[in-house]
1. Being outside any strand (DSSP E or B), farther than 16 Å from Arg211 by Cβ and in contact with a His (Cβ under 9 Å, 6 or more places away or on another chain) is the filter here, so list the residues in the stretch 148-177 that pass it.
2. Thr180 fails exactly one of the following numbered conditions: (1) buried (at least 18 other Cβ atoms within 10 Å of the Cβ); (2) over 16 Å from the mean Cα position of the chain (by Cα); (3) among the β-branched types (Val, Ile, Thr). What is the number of that condition?
3. Go through Gly157, Gly200, Gly191, Gly167 for me and flag whichever is among the small types (Gly, Ala, Ser) and over 19 Å from the mean Cα position of the chain (by Cα).
4. Quick check on this structure: which one of Thr3, Thr43 is open to solvent by 10 Å² or more (accessible area, probe 1.4 Å) and either over 17 Å from the mean Cα position of the chain (by Cα) or in contact (Cβ under 8 Å) with a residue 40 or more places away in the chain (or both)?
Amino acid sequence: MLTEPFVTDYCRANIWHVRGSDIDLLVDTGMGICPLAPEIETTQGKPLLAVATHVHLDHVGSLHEFGWRAGPRIEASFFETMPDEATYANMFRNFPGAVSELPCPDWHSADYMIAPAPLQRLLDEGDVIDLGDRSFTVLHLPGHSPGSIGLFDELNGTLFSGDAIHGGFLVDDMPDSNRTAYCATMRRLIGLPVRIAHGGHADSIDGTRMREIAEDYLRRNEE
């Protein structure tokens, strides 16, 4: 797990590097304030697939740095231009205390932009990402955003859940959020044999805690 330590807590996301025997996987790419690619330990000759769980700014900022990119088909058109109305990059430009340490002396949050990163692979529910010695099934987990996806290793119960669920504050009030869809996602997560969930924010959580969070969300939103 990598993160951007000087980014404000609200926008600081987790970046997950999963090593496979044939292919490496990178789940989300942070804000992109500093180059990410040099921080990823890769093996010469082994492909690296960078997957965005959704198109929000804190998950796609460095996606353009990687030559092989995948993400949810439902949001695919946004990756072509990374418009503010999809990424919400404009929120960060006006965010007080956007960073606690400047990446360079002349850096200003008002200049923040996300480079376009067209997807080479469009991911749908049920697609499989095969790393050689392990594979991940794509789960469509809408609610936080329309196209949000998770990656589930069904053999060992590991879920990379993006912003669908994690141990921090779940955001369901963005312009593209949908609480009805989020409730359906929570019901689905409760029924999955998840052993550990690595989310887009906060610490990883075990399956028991994940189901508690999902059940609590349902209690608050289905009354």
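The values are calculated or read from the model by the stated rules, or taken from the named source; none is laboratory data. Note that the structure is predicted; figures quoted are calculated from it, not measured. Methodologically, a virtual Cβ is constructed for each residue, glycine included, from the backbone with ideal geometry; neighbour enumeration extends over all protein chains shown. In case anyone asks, the SASA skips ligands and DNA or RNA and just uses the protein heavy atoms, side chains included. Shrake-Rupley method; radii C 1.70, N 1.55, O 1.52, S 1.80 Å.
1. Taking the stretch 148-177 and keeping what is outside any strand (DSSP E or B), we get 148, 154-157, 163-177.
When the remaining residues are screened for being farther than 16 Å from Arg211 by Cβ, the result is 148, 154-156, 163, 168-169, 171-177.
If the condition is that a residue be outside any strand (DSSP E or B), farther than 16 Å from Arg211 by Cβ and in contact with a His (Cβ under 9 Å, 6 or more places away or on another chain), then Ser148, Asp163, Gly168, Phe169, Val171, Asp172, Met174, Asp176, Ser177 are the ones that fit.
2. So the condition that Thr180 fails would be (1).
3. Details: Gly157 fails: over 19 Å from the mean Cα position of the chain (by Cα); Gly200 fails: over 19 Å from the mean Cα position of the chain (by Cα); Gly167 fails: over 19 Å from the mean Cα position of the chain (by Cα).
Every option except Gly191 fails the conditions.
4. Working: Thr3 fails: either over 17 Å from the mean Cα position of the chain (by Cα) or in contact (Cβ under 8 Å) with a residue 40 or more places away in the chain (or both).
The match here is Thr43.
Each row is one residue, and each column tells you yes or no for (1) aromatic (Phe, Trp, Tyr); (2) in contact (Cβ under 8 Å) with a residue 24 or more places away in the chain.
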residue	(1), (2)
Ser62	no, yes
Pro83	no, no
Asn90	no, no
Arg93	no, no
Tyr112	yes, yes
Gln120	no, yes
